[in-house]
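Below is one structure, written out as structure tokens, with a few remarks after it.
What follows is calculated from the coordinates using simple rules that are stated; it is not laboratory data. Keep in mind it's a predicted model, so treat the numbers as computed, not measured. Note that each Cβ is placed from the backbone with ideal geometry, even for glycine, and that neighbours are counted across all protein chains shown.
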Amino acid sequence: MKWTKGFAIEDMVGKEVVGLLEAALVRSGLDMPVAVLVNDTVGTLALGHYDDADTVAAVIIGTGTNACYLERADAIIKCQGLLTTSGCMVVNMEWGNFWSSHLPRTSYDIDLDLESPNPNDQGFEKMISGMYLGDIVRRVIIRMSQDSDIFGPVSSRLSIPFILQTPLLAAMHEDDSPELKEVDKILKEALEISEVSLKVRKLVVRVCDVVTRRAARLAAAGIVGILKKIGRDGSGGVTGGRSRSDVKMRRTVVAIEGGLYTSYTMFREYLHEALNEILGEDVAQHVILKVTEDGSGIGGALLAAAYSSGSVDNVQSL
């Protein structure tokens, strides 16, 4: 196990967490064995599948990000000979740690990564999740402030990492007042940048838009990658010159949680726009992103109950 998102409890790294949790429960006088160990993404998939049997994947896009999906057990090389009754297995992707030369990393991404508590880890997460988007915008603003005088003297607060949190980014991005009063307020109160013209405020909104749109489109590409892997992107099994329109698409549900998606309207709209663009409207209309609530809690309880009743393998086949 490794820590991310600022956590750094060295004594826990590489340890078996269930045993440690059970020992802690015993020390607290609780006889409570741990039935299942799941992360929030798997819990979200469990809850999503419980509510809707067409749910085949789950995505968390909040402070951090991750995804998981239902895969055919015979498609998992490591599981040969260990097939479940249902023929399916949940794959926890930990996609936040995805790295690729194709990712459109900028100098701002590289600097953020190098200065983070976990350099060279969680590259995808640092480009799309709520913990980091505000700081990417801060880094763009400080570069602009250093290279020009549009913000006046360089504010010392611009040098404070994470001083501009993503909820503030969202508030500036979604400011629809004619004078961009919310942008002006946040620049003054959070960054101590005052007397900024409307033209410069519009420029700040544009920076927020570019960073948010990139994040949403990358998240959408990740979702499409999952659908492609399990043949739910409209191209699975297409041979002999058949077009995508000839393929009958099955209703496909992706359970989704996280404040970045649920609370940030522009992020959500850009993600949907990218899904439609990548999949095409004929296919995208069959893909439903369904918001769940408390997947980590309720989903974990469902899995524990299923394990205790011996019905954990009763999952609809893909």
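For Ile256, the amide hydrogen comes within under 5 Å of the amide hydrogens of Val59, Lys290, Val291, Thr292, counting only partners 5 or more places away or on other chains and with H modelled in the peptide plane.
Summing +1 for each Lys or Arg and -1 for each Asp or Glu among the other residues whose beta-carbon sits under 14 angstrom from that of Asp149 gives 0.
A straight Cα-to-Cα reach below 21 Å connects Lys15 with the lysines Lys2, Lys5, residues fewer than 8 places away in its own chain not being considered.
Which of the DSSP-defined H helices in the chain satisfy a minimum axial length of 24 Å, computed from C-alpha atoms, and a minimum mean Kyte-Doolittle hydropathy of -1.0? Span-like helices, by this rule, are 130-147, 198-229. When peptides 37-44, 115-122 are sorted by average Cβ neighbour count within 10 Å, with the highest value leading, the order is 37-44, 115-122. In terms of other Cβ atoms within 10 Å, His49, His102, His272 run from fewest to most in the order His102, His272, His49.
Could you work out how much longer the chain between Gln146 and Asp282 gets when fully extended? Use 0.36 nm per residue separation minus the Cα distance between them, nm to one decimal.
On the way: separation 136, 0.36 × 136 = 48.96 nm, distance 4.72 nm.
Stretched out fully, the Gln146 to Asp282 stretch lengthens by 44.2 nm.
The orientation-averaged projection of the convex hull spanning the C-alpha atoms of the range 161-206 amounts to 3.0 square nanometres.
Which of the three applies to the range 6-139, rounded, prolate or oblate, going by the alpha-carbon gyration tensor with a ≥ b ≥ c and a/c under 1.5 meaning rounded? Taking the square roots of the gyration eigenvalues as a ≥ b ≥ c, the range 6-139 is oblate.
What is the percent of Cα-Cα separations in the range 107-213 that go past 23 Å?
Cα-Cα pairs in the range 107-213 separated by more than 23 Å: 22 percent.
Overall, the range 119-257 carries a charge dipole of about 960 debye about its Cα centre when +1 sits on the Cβ of Lys and Arg and -1 on the Cβ of Asp and Glu, all other atoms neutral. What FRET efficiency do you get for Arg105 and Leu25 if R0 is 51 Å and r is their Cβ-Cβ distance, rounded to the nearest 0.05? Using R0 = 51 Å, I get an efficiency of 0.75.
Only Cα pairs under 8 Å and 6+ residues apart enter the sum, and on that basis the relative contact order of the chain stands at 24 percent. In a DSSP loop and with at most 11 other Cβ atoms within 10 Å, the GluC sites (Glu not before Pro) in the range 124-187 are Glu179.
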